[in-house]
Structures are given as C-alpha cells and as structure tokens.
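The structure appears below as structure tokens.
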Amino acid sequence: MLFGRDAEQRYNRKSFLRMKVLRSGWLRWLVIVLALLLFAFLLFLVWAHRPPIAEITPPPRTAFAAAEIRRGENLARIGNCVSCHQSAHGRPFAGGYGVQSPFGTIYGTNITPDAQTGIGRWSLEAFTRSMREGVSRDGRHLYPAFPYTHYTLVSDADLRALYAYFMTRDPVRAEAPVNELPLPLKFRPFIAGWKLLFFEPDRFRRDPDQSAEWNRGAYLGEGLAHCSACHSPRNWLGAEQRSEAYNGGWSAGWYAPPLNETSPAVRAWTARRLQSYLRTGLSVHHAAAAGPMGPVTHNLARADEADVRALSSYYAWWMRDAPASNREPPLADRSETARRAHPAGAALFAGACATCHEPGATMMALGGRPALPLGSPLHERHPHDTIQIILNGLQPPVDEAGPFMPAYRDILTDRQVAQLVAYLRTRYGSGPEWPDLVEEVTEARENSAP
Amino acid sequence: MIELEVNGTSHRINVDPATPLLYVLRDDLDLHAAKFGCGLGQCGSCTVLVDDKPVFACITPIAALAGRMITTVEGLGTREAPGIVQQAFAEEQAAQCGYCIPGMMARAEALLRRTTSPSEAEMRAAMRPVLCRCGTHMRILRAVRRAAAMRGGGVTDAAEPVR
Amino acid sequence: MNAHLSRREMIAGGGLVVLFALGPQATGQGGGVEGQANGEGEVAPGLPGSLGQHPVLDSWIRVAADGQVTVFTGKAELGQGIKTAIVQLAADELDIGLDRLTLVTADTHSSPDEGLTAGSHSMEDSGTAVANAAANVRHLLAEQTARLWDVPVASLSTRNGQVTDGNGRTLDYGAIAANLSLHVPARLDIPRKPIGARRLIGKHLPRIDIPAKLTGGTAYVHDMKLPGMLHARVVRGPAEGTQLIDPDVAAMAGLPGVDRVVSEGRFIALLGRREWPLVQALRILGQLEWERPGEPIPTGDRAAVVKGLSPRVEPILDRQDESGGEAVRWVAARYTRPWLMHGAIGPSCAVALLEDGIMTIWTHSQGVNPLRGAIAEMLGMPPERVRCVHVEGSGCYGHNGADDVAADAALAARAVPGRPVRMLWSREQEHGWEPLGPAQVVELRGGLDAVGRIIAWNHQVWSNTHVTRPSRAGDLIAAQELGRGFTPASPRSLPQPEGGGDRNSIPLYALANARVTKHFLQDMPLRVSAIRSLGAHMNVFAIESFMDELALATRSDPVAFRLRHMADMRARTVIERTADRFAWGRRTPGTLRGHGFAFARYKNLGAFCAIAMDVEVLRDSGRVVVHRAVASVDSGDIVNPDGIRNQIEGGILQSISWTGHEAVAYDERSRTSYDWSVYPILRFEDVPLSVEVDLVDRPGQPFLGTGEAAQGPAAAAYANAIAAATGRRLREMPLTDDAIRTRR
C-alpha cells in the first residue's frame, strides 16, 4: 500500500511545508516540474489501476456442458496453452514453464481450477478480462508474454468454451515460480504503459472478400494460435512489429522463420503440405517440426481437422508470393566444395550424421525422411535453428513414434558444432556463410541448458 | 593419427577420423563393454563418458575426441575391484540379458558425477536415452538409487513419477 | 529361502548328507512330466525331464580324476538365469562346491540335444534332468565306495565332493570316478536329496553370468574376437519380402573397405577387416532399387485384415454340460493385437569358421540342433560336420534374427576357409527382417445365468502360426536367397496342450459349457514366428479382460468373480495372495485411478501367476502412470528365487510395453517400423513406480516354467486397471495415450 491514499496525502503535506524554503531560484522551477511529474505519475497510477474481480466458489465439473468442454479442449490445443502452462516434469496447465524474454524469465501460471494456486476462484468475467485485457483477477497487469494482444480477438463464445475446459481440469496445487525480472519491470503498473503504446483491445473482423475458410484461419491464427508471436520480429520493448508481420522472429533461442513472401523454404508451402506438417509434425517436402514448434504440432494433431485446414490455407495465403511458390530450385549437394572448405566439418558429418542423413540410410530410403537441403534452417538468415537441432536433437513431435534425432550437446564441442554447421551451410544451404559461429554455439548451449 | 585418452591411457589411433568411437573401442582397443545396438543414437547401449558426460559412442567420430577424456565401463572398475556403480548393479542383480547394462551404468555414472542426490524424476530422465528390452528397469533404478546412496547421496523422492 | 549364502557356503559343501535307502520315488523325482519335451523322441519313458530322451548319465555329468565336475545342459542362457539355476541344482544334488563345477550349455558337439530353449521349458526339461542325474551320480559314487569299503551304502554320506563313512574315512569323488563308468542309464529309483538337506536350491545365488556383463568381459557372441577374423554384413532389401532389383555385385567389391563380396543367387555378403567401412557400404547400398514380389500386404481395419488370411477351423475344446441351466444374459467382445517385434537391443550376430572341413558357428540361436540341421542342408554338408555352439546374444524373447544371421555367417565363412567371420545385422535389418509376433483377433461370447455365474463360454481365436523356426534349410532367409529351390516348411499349427495361437485359450476357470475354436490363418503377409508366450499374451489379455467385463455385467468384484469360478487350489492361492498383498478392495482409487486384476497359469501347465495393478490416467494426455504392480507366482519348486522375481518383473514391464506402446507399422510394400524412432518401446518415464513379486514356494513339487508366465496377466491387469480408471474398455492393443484419451 505504498501508493495508497494515505501515503499520497502525507507526502503532499510535507511538500507544502517545504515550499516556503524554496520560494526563489531555479530550485523552485525544479520543484514545480517534479510536482507535476509526480502528479502525472499519480494520475497514471489511477488510470492504470484495475479493480479485482470478486472471487467465486469453484464451480463443480457438472456446471459445464460436455460439448462446451470439448469445444474448449479443441481451442486450448489450437492456442497451444499447455506449452507455457506446464513445466518439464509438472502436470498439464499447472504452470511453471519459464518464458525467456530479453528482459528476464516470466513463468507460466497455474491455470488449473485449484482454488489457492490456480484459477479456481476466477469467474468467467475474470477469465475474459485476463484474455482480452491482460489483467489478472486480482487486478494486476499481466506481462505480454501472455499473448493477450492476440487473445483479445477471441469471441465470447470461444472464451466461454475455454473457461469451461480449464475449470474442468484436475486441480493441481502448484505455485508458479517468481518471475526473474529486473526491479523496475517488477512494477506491474508499467505494463499499463506498455499496453498504452502497443495494445488495443479489439475483436476479430472478418474480411468479406475472402473465403469462410480463410477467415476461420485468420481468426484462429491471429487470435488463439498467436502464430505471429513467434514468427514476427519484436521491437526493443518486446512488442510485435505489425508492419513486419510474419517476417521471422524468435522463440526460446530458436529462429521462427518468416511465414510471408520472405519464407526461405525451398519447396512451396501449399495448404496441403502445411496441413500435413501441422497434423503429423513432418512435411516430407520440408522437415520435421523442431524446437518450440514440436508441441504446437503435437496439439494441432489432436485439434479439429477443419480448423487446422483453415490455419493451413490462411498461412499458405501469407506465403503465396514466397520464392518457392514460383519456382522450386534443385536441391543443393555441394559435397566436394564443402569438404574442401570445411574438412573438419566433413569428417564430423561422415561419422556423426551421415548414418541417418545420407540418401541410402533406411530412414531416408524407406522412411521418406526429407533430405537436409529441404529444411529451412540451412537457408535461414540466422544459424540458430541448425545449431539448436544439433545441440538438442529432436524428439518425435506428435506421437511416441516419429522423427527423432539424438542431441549432440555432449558429443561435440562448440568449435566442432560450428565446423559442422559451416560445412552443412556450404554443402546443402544457401546464403552467405554465417559469421561468429563458435560464439553463437556457445551462447545457444548456455541458453538451452537442460 | 588421432590421440585418444581412454580410461586414463593414451592411445594413438590411425584410422579414418570419421570412424565412430564405438568401433575403435571394440575392434582396436578390445574394450567390449560398450555395445553396438543401433548405430543411430537411439538405444544408448554404446554409451560411454566423454569429459564426464554421457555420449553415444556409435555416432561420436573420433575426430571429435582429441584432447577429451573418455571413460568406458572398463574404466569404472574390474571384476576383482568393481566400481560403485558396478557394485550396485551386482547387488541389485540388475541385468537379464545384460546387453543394455553397460550403457545404463555409463548413464548412471554420468548422473552421479553431476549429482549424488538426484530426484526420482531427474534419475528417470537421465536414464531415459537407454533402452532395455528385458524389462529390467525396476532393478536398474534400484541400482542407481543404491549407487547414489553408496556415494553419500541418495534419490530424494522415491515415488514421484515423471509426468 | 531368501537367506543369502555366505561366500564360504557357496564354495564349500556344507553339512553331511546321508544316503537314503533306495525305493521308487522315495522323495519324488520332481520332474516336469506333463510338459512337452522339445528334443528328439523319448527313448526312456518314465524318466523325468530330458532324461527321457537322454537317459545316459555321462551325457549330463562327468567327473574328472581331479574331482572337477562338468555338467552339460542342452539349454541356453538367454539372460533368464538358467545357467545359475542348473549350477545350483547340480552342485546341491552332487554335494560339491561351486568351484568344482563347470557348466557346458547348448552345443551340438557336446551337450545333450534338448531341442529349443523355449516355452519356459528349461527348468522342467533340463533342470529336472540335471537334478536327477546328479542324484544318480552321487548315489553311484557312494555305491562304488560302499563296494570298495565293503560297507552298506546307507552307512555312507557325502560332503563337499567326498564320500565319508562318518568315522573319518573319506574318499574324493575324483578318486572314485576314476574307476566308475557314468555311461549308464539313469535309474528311476534313486531319490533326490531330502528337502531339509538342500544347501543351494531355493537360496539366493547371484547370477554367474552377471559379473562379466558388468565389467566388459567377453559376454556375448558380439564380443568374440578370433585371430584373423573378418567382419561381415549382408546386403538385402529393406524388409522381409523385398528383393533388390539387379544389384551390381561386381561394383560392390570396389567399395572402400570391402575386401571380398560373397554372392550366390540373391545372397550377398560384404567382408572386410574393419567394421566402419562396411557400415558405410551398407548405407550406400541402401539406395539400391527393390521390389516386393507377390501380393501386396493387406492394409486397413486390423480385424478384417487378420480374419481374411485364409482361416482353417480347428476345434480346440468343446465341453458341453446341459445341466448348467439357461443363460439369461449374453456378453460379447472382440479383442485384437497387432504384429509385435522381439526387438532385442543388440541386432543378431554370429561368428562362423570353416576349418578342416568342419563348419563351426557360434550363435545365439535358441535351438542349436535344429539350426545345425537346416544349415547343413543349406551348405550340402553332413550334419556331423556342422557344429553350432550357443554363445549368449542380446535378449531373445523368441525366434528373432539369430538363426538367419547364423546362416548368413556360414555362407560368408564358407567362402574364406580358415578365417573366422563375424556377421552382424544392422539395426534396420533386425527391425526389417526378424520374424514378428503374429497379429491376433479373439472374439468372446459369454452367457450368464440368473445368479451371475458363467454358464456358457465361446472363445474364437484367429492367428497365424507361432513357429517358423528352422526345421530345414528353406526356413532360413539366406537359403531362400540362394535360388537353389530351398523353400520354407508349410506353416504348422502347434497342437494343444501347449498350442500356438491358441496357447492359453482354454480358460482354467470351472466352466460347465465352453467352446474354443482356433482359426488357423494360412496366409502370412508378414513373416511371423514365436514371440515370448506365443498366443498366451493375446488369449489371456482377452479372457481376463472379458472376465472383468462379465464381472461388471453382474456387478461383482473382479477378484471375487474370478474366485467364484476357480476350483484349482494353487490358482486360488496366487489370486488370494496377490489380492491380499495389494489390499484389493480395501482402498478406493481416486479420480481417473483404477485397480486391475488378472490371472493365468501359463499354458495351463506352467507357473501360476496373478497380477494386480494400480494405475492413474492423466486427464489431458491419456498417459498411464502405473503406481504399483503386485504379482504372486507359484513356480513349483523354487531353485533361484531372485531369478523368478527377475523374470516376472521383466515380463510385467515387457508386457506393458507390448500392450500399451507397440505395433509394427507396414504399408502394402513392406514393414515400415525400421528402427526405434518408429517402433518405440517402454522407456523409463513410463515404467511403474513399484513392482512387487511374491513367491509361493512348493519344495519337492515339479518345476513349473516361469519365463513367460507374466506376459498375459500383466497385459490384462493393465487393461483392466485402465478400464477401471476411465470407465471405458479398450480392446485393441496397443492401449495408447490417444486411444485412452479419446475413448474416455
């Protein structure tokens, strides 16, 4: 209650006493400016203030219709909610996953209906406000790591369904860890300022010139699925740059490639291929879903097929003018050039990678796994995806069975990973050589420590 | 010519530098504990320690190993003077066919070099990359718990599942 | 029983054991007489275990002049601990220390032919034979001494490799044996040691094979390294049923590191001094074109596919008792199982050497003698010039690639006489070519009377054969590839009482009316053979799931319902002990948590096993957490208690893996489960939190095979617990997270 009403009054009285002393000179003007600033700050606090919404008694499971819960489940999968609201060894929706931001680590909260540590005492109104305005039930502003900038587009009916779904999960008592942020950022009213600059509550508006499927895809993609949150660049305050939508962005140390006309893919992303990728975690014309995209496909594989089709056609539309949509280039395999340029990388590749990635490998010949040049990573502006996959490997994204790659984190040193990456870029990739690879590997290794 | 340090002994190896460590261990150095299982880094029966970390020897080219410290199960102890992990596996009779066990022991050793008091979830996650087909898992976990205790630590929560 | 032996006790011989007066079945021969022996025909009816086929004592036991004893068994160590159990039996019955004993396992040139190491028969067949042969030998040694000293045999006793008269006069076995022929048939009237005098049987003895396995000793055929040995790999299409299209064999010789290409017909092997170049060569050759001659593999609905494979009806049981009364209610259900893989962690391997006209093959085959016959036929050599020696391999779990790789090695070694050849399959070849456990369908129909008793039972099972083990050359892949007309034997339907696809299809429950029918499937679109427990996994899964469905229909407790239909006292004992230890019915499971129970006596001849499981289903993923599994097992006379526990624990986990996680994938052209990434098995995060095994010891009773006893009950207990947790019954294996989640 430092900034409660009493405190304000006490402070103001003291200021008046001092006025006499400072009646003359430049100090007087300073005091006036400070007072004005203070006043503006107080006004800001009043403006930023959001009241708590009354607690409710956690409703019983029977308070929600089964069909509503099922709809909510589908939406929660499309929203990939569980990725941030479940820790590595924790229960689904019990929170605890740390979202790495340039400012620090923000932990996903417990959104199970536990009365003490979860959202058990949240009314639909409180849930809706959090999704639409980024304000917690108790009135605290929520960090935009929680993508309410997208969720604000979600319809009333869908929010009701999501609410029904979350309120019928198994309640888990689990306190989310305390966010690791520098002191000024812990001051939540600042978030209101951020919102003033970068956030406007809104609702989805359909484009009458586009098909129903396109509109469905846009509604889901821009809203719950919040794809641009990773696939668009952000400014220095962490806000998505709308003018550069889908121009590629970052997620947990992985580069999320562009989903627009600058897509580096060497094979066209048709709606059909996207659908297959999003449903199975693998496009035989591109690559397997890796890194943070793995859980996305895990969830979409279990979401409504028509909704995933809508998402696919929407993003195929976004990428309709990408180079590969006009011409699919022949696949590069400059093995001799690469070997001469990076002999150490070549030896590492022959002993560590060729067993699976050369064309005669069973998983290629029989399993139809895509060849290395088909994946985007070796064609991207940044080496991060290539580095991340080598360091951390790949778990089957959708089912127990599926694309797998062992982690080379403990097998190769930073320098060796860099040699390998340079070799791969030359042999299969496109674009200029990546600079400072050793440093990039060192950083990626530190940031992705298990 | 690559110089490899295996179990504290230096060896000069003159083969294709892309050769995975597993074949050098088994065919050139007569160290049989690490086993060929898949050659794909999927089953972990070839696991050895490199600089105290568990690695799949079947996909680790010796070109990557100059100047690094390699430890195989032979380096943990002998039949006459078994190491702690080996003793623990023997005490628990943690083997059926036993083919995966050297990989399991290498994993366990790496875990216990990192911490002697892992949680149950941490222990299971650490052992996860090694496959066992006989279903010896319960004994293997018991052996790791025992080894942790023998090293002055212990597995902290004995009954928490990995979720 | 659980007392650990001190090191001194293990090595030295313990107390005096007197020799009892002879008489028929003085303390019981303790033989697994009802089991089917797998070796050649019985020549000495009445003698227990494999003594019936090999009655002559020195085929089992030889005593050297220095007192060292060599024991021979025709069975093989598969990691099930048979070596240790046989050593315990022999040392105890002979009254010698373990340091005096050497064990020789399956070897066509030295051990008795005991057929296959399969079907949980090793203790019944070989354990029984060795124990009785040892009792015979000990008695003969005493008789010889009695003659020498001119005293009644009953006045003598034995201790630690010596016969003694109790007055300080002793004679070492070695000295006696020098003048004693053991080339005599075993006698039926020689008793085994009295139970009270046992020193090793029933005690914990650490497995004798484990120390080498823990310290990098030469433990497996994979580890063999003979002077001048060449490494070898075989070149084939990606999966069984496929063939390479016109491969350029001459070009293969030019691949780096390939010293020699052995080729005949479609058989191609690459030989070289180093392994890695061969691995690389195989990968290059992976680009070769291939085809699948013959019919495409039928795909689609599993039950429809399986039931469409040319079934031939074989009645298994038709028990009709009209007095039972009328059924007032019928329940019916269909259960299915996919094709399953043995999936040993190490791919199959063999070492072969042709020297001085003898082809020696070191192999991890389960049947060195049948394999020898098949390979001799393939090579056109007389069987006595082919020697197959068992050396441990990785896992086993039935007929995997062991026999085929032995044939591959033999063909390769024939081309380089005098040089040993180590042939190793790749992981992808093991996944692609090993015979699979067959897919199966079971349809059950049960009638309940007014008081909730089962009065009608109809069990139909559809299955391929469960045995295509080598009985002749054509059963081996390599022989088929030679193009010399070797063809596989026609698929055999294994008869009851053991059965194949119908193994354990006859419920042990007291059912007045019961009909069991096997639909033996003659088409084999995928290569199949024996996998641990054969049809018992599927039939017990179905029967015990169905018992729960019937219990639910009558609102009965599943354990009480089983007991109400069970007359066999030993079965009742394991059921009751499991329920008691588990505290069945005394705790209410929480939300999405359930308790499941199942029972079977393996083959209705082997060990009795009841299992209870406590599982939790995670609401959002459908993942199953097995909190606890409790088993009670009656294996008859227990030789090594920890060996039994190990087998049951392992069986439970392996069965959870099969039942919950596994299915071989295939398309019209081939199998597509080519490695672990696409054929996942149980990993540590999915194993139970606790497994307890309770043993019912029956000293003096026959040994009952245990190695496969848990497969069926574990599968059904798992399914029943999931059904109890979710309220929905899953009848199609595997019971995956998604199936559980979406059916919930």
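Miscellaneous remarks
- Just one of the listed residues (C:ILE358, C:ILE297, C:ILE316) is modelled with pLDDT of 95 or more, assigned by TED's automatic domain parsing to the domain that holds C:ALA407 and surrounded by fewer than 22 Cβ atoms within 10 Å (Cβ to Cβ), namely C:ILE358.
Quick grid of which residues meet (1) of a type in the set (D, E, K, R); (2) more than 21 Å from C:PRO347 (Cα to Cα); (3) touching an Asp or Glu at 6+ places or on another chain (Cβ under 7 Å):
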{"position": "C:PRO382", "(1), (2), (3)": "no, yes, no"}
{"position": "C:VAL389", "(1), (2), (3)": "no, no, yes"}
{"position": "C:GLU392", "(1), (2), (3)": "yes, no, yes"}
{"position": "C:GLY401", "(1), (2), (3)": "no, no, yes"}
{"position": "C:ALA407", "(1), (2), (3)": "no, no, no"}
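- C:GLY196 being of a type outside the set (Phe, Trp, Tyr), over 30 Å from C:VAL17 (Cβ atoms) and more than 11 Å from chain B (Cβ to nearest Cβ): no
- Residues that are touching a Gly at 6+ places or on another chain (Cβ under 9 Å) and open to solvent by 10 Å² or more (accessible area, probe 1.4 Å) were ranked within region B:110-127; the one that is farthest from B:LEU22 (Cα to Cα) is B:SER117.
- If you go through region C:600-617 and keep only what is away from chain A (no Cβ under 14 Å) and farther than 22 Å from C:MET123 by Cα, you end up with C:ILE611, C:ALA612, C:MET613, C:ASP614, C:VAL615.
- Filter pass, B:CYS38 being within 10 Å of chain A (Cβ to nearest Cβ), in a helix (DSSP H, G or I), open to solvent by less than 30 Å² (accessible area, probe 1.4 Å) and on the phi < 0 side of the Ramachandran plot: no
- Residue list for region C:238-277, restricted to those being surrounded by fewer than 17 Cβ atoms within 10 Å (Cβ to Cβ) and either within 14 Å of chain A (Cβ to nearest Cβ) or outside any strand (DSSP E or B) (or both): C:ILE245, C:ASP246, C:ASP248, C:VAL249, C:ALA250, C:ALA251, C:ALA253, C:GLY254, C:PRO256, C:ASP259, C:GLY265, C:ARG273
Here is a yes/no grid of residues against (1) part of a loop (DSSP other than H, G, I, E, B); (2) out of contact with any strand residue (DSSP E or B) (no Cβ under 9 Å at 6 or more places or on another chain); (3) of a type outside the set (A, V, I, L, M); (4) over 27 Å from C:ALA410 (Cα atoms):
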| residue | (1), (2), (3), (4) |
| --- | --- |
| C:ALA478 | no, no, no, no |
| C:ARG484 | yes, no, yes, no |
| C:SER490 | yes, yes, yes, no |
| C:SER493 | yes, no, yes, yes |
| C:GLU498 | yes, yes, yes, yes |
| C:ARG503 | yes, yes, yes, yes |
| C:LEU511 | yes, no, no, yes |
| C:HIS519 | no, no, yes, yes |
| C:MET538 | no, no, no, yes |
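- Selection count where residues are closer than 18 Å to A:ALA371 by Cα and open to solvent by 20 Å² or more (accessible area, probe 1.4 Å), scope region A:291-331: 4
- Residue in region A:62-79 that is outside the structural domain of A:ALA301 (by TED's automatic domain parsing), farther than 26 Å from A:ALA157 by Cβ, in a loop (DSSP other than H, G, I, E, B) and within 28 Å of the chain's Cα centre (by Cα) present: no
- Condition check for C:ILE611: over 23 Å from C:LEU78 (Cα atoms), open to solvent by less than 10 Å² (accessible area, probe 1.4 Å) and at pLDDT 95 or above: yes
- Residue in region C:322-344 that is open to solvent by 80 Å² or more (accessible area, probe 1.4 Å), in contact (Cβ under 8 Å) with a residue 40 or more places away in the chain and in contact with a helix residue (DSSP H, G or I) (Cβ under 8 Å, 6 or more places away or on another chain) present: yes
Matching residues to (1) hydrophobic (A, V, I, L, M, F, W, C); (2) facing chain A (nearest Cβ under 9 Å); (3) crowded, with 19+ Cβ neighbours inside 10 Å:
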residue	(1), (2), (3)
B:GLY8	no, no, no
B:ALA18	yes, yes, yes
B:VAL50	yes, yes, yes
B:ALA63	yes, yes, yes
B:VAL73	yes, no, yes
B:GLN96	no, no, yes
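- Going through (1) more than 12 Å from chain C (Cβ to nearest Cβ); (2) touching a Phe, Trp or Tyr at 6+ places or on another chain (Cβ under 9 Å) one by one, B:THR115 falls short only on (2).
- Any hit, region A:194-212, residues being over 19 Å from A:SER376 (Cβ atoms), open to solvent by less than 30 Å² (accessible area, probe 1.4 Å) and not basic (Lys, Arg): yes
- Residue under evaluation B:ASP30, criteria (1) assigned to a loop (DSSP other than H, G, I, E, B); (2) free of Cβ contacts under 8 Å to residues at least 40 places away in the same chain; (3) crowded, with 22+ Cβ neighbours inside 10 Å; (4) not assigned by TED's automatic domain parsing to the domain that holds B:THR136, criterion not met: (3)
- Among (1) open to solvent by 20 Å² or more (accessible area, probe 1.4 Å); (2) touching a residue at least 12 places away in the same chain (Cβ under 8 Å); (3) not in a helix (DSSP H, G or I), the one test that C:GLN280 misses: (3)
Here is a yes/no grid of residues against (1) touching a residue at least 12 places away in the same chain (Cβ under 8 Å); (2) in a loop (DSSP other than H, G, I, E, B); (3) open to solvent by 10 Å² or more (accessible area, probe 1.4 Å):
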{"residue": "C:GLN429", "(1), (2), (3)": "yes, no, yes"}
{"residue": "C:VAL442", "(1), (2), (3)": "yes, no, no"}
{"residue": "C:GLY446", "(1), (2), (3)": "yes, no, no"}
{"residue": "C:ALA450", "(1), (2), (3)": "yes, yes, yes"}
{"residue": "C:ALA456", "(1), (2), (3)": "yes, no, yes"}
{"residue": "C:GLN460", "(1), (2), (3)": "yes, no, yes"}
{"residue": "C:HIS466", "(1), (2), (3)": "yes, yes, no"}
{"residue": "C:ARG469", "(1), (2), (3)": "yes, yes, yes"}
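- Here B:VAL155 passes the criteria (1) within 11 Å of chain C (Cβ to nearest Cβ); (2) of a type in the set (A, V, I, L, M); (3) over 21 Å from C:ILE652 (Cβ atoms); (4) part of a loop (DSSP other than H, G, I, E, B) except the one numbered (1).
- In region C:41-132, counting only strands (runs of 3 or more DSSP E) that sit wholly within it, the ones holding 2 or more residues that are open to solvent by less than 20 Å² (accessible area, probe 1.4 Å) and touching a Leu at 6+ places or on another chain (Cβ under 7 Å) span C:69-72.
- Test result for B:LEU25, facing chain A (nearest Cβ under 10 Å) and under 17 Å from the mean Cα position of the chain (by Cα): no
- Close pairs from region C:675-701: first closer than 30 Å to A:PRO403 by Cα, partner open to solvent by 20 Å² or more (accessible area, probe 1.4 Å) and assigned to a strand (DSSP E or B), Cβ under 8 Å, at least 6 apart: C:PRO688/C:HIS627; C:PRO688/C:ARG628; C:LEU689/C:HIS627; C:LEU689/C:ARG628
- Meets criteria (modelled with pLDDT under 95, assigned to a loop (DSSP other than H, G, I, E, B) and open to solvent by 10 Å² or more (accessible area, probe 1.4 Å)) for C:GLU392: no
- All positions within region A:371-395 that are in a loop (DSSP other than H, G, I, E, B) and either open to solvent by 30 Å² or more (accessible area, probe 1.4 Å) or over 15 Å from A:MET293 (Cβ atoms) (or both): A:ALA371, A:ARG381, A:HIS382, A:PRO383, A:GLN395
The values are calculated or read from the model by the stated rules, or taken from the named source; none is laboratory data. Quantities reported herein were computed from a predicted structural model and do not represent experimental measurements. Using ideal geometry, Cβ is built from the backbone for each residue, glycine included, and neighbour counts are taken over all protein chains shown. Please note that ligands, DNA and RNA were not included when accessible areas were found on the heavy atoms of the full protein model with its side chains. Shrake-Rupley method; radii C 1.70, N 1.55, O 1.52, S 1.80 Å.
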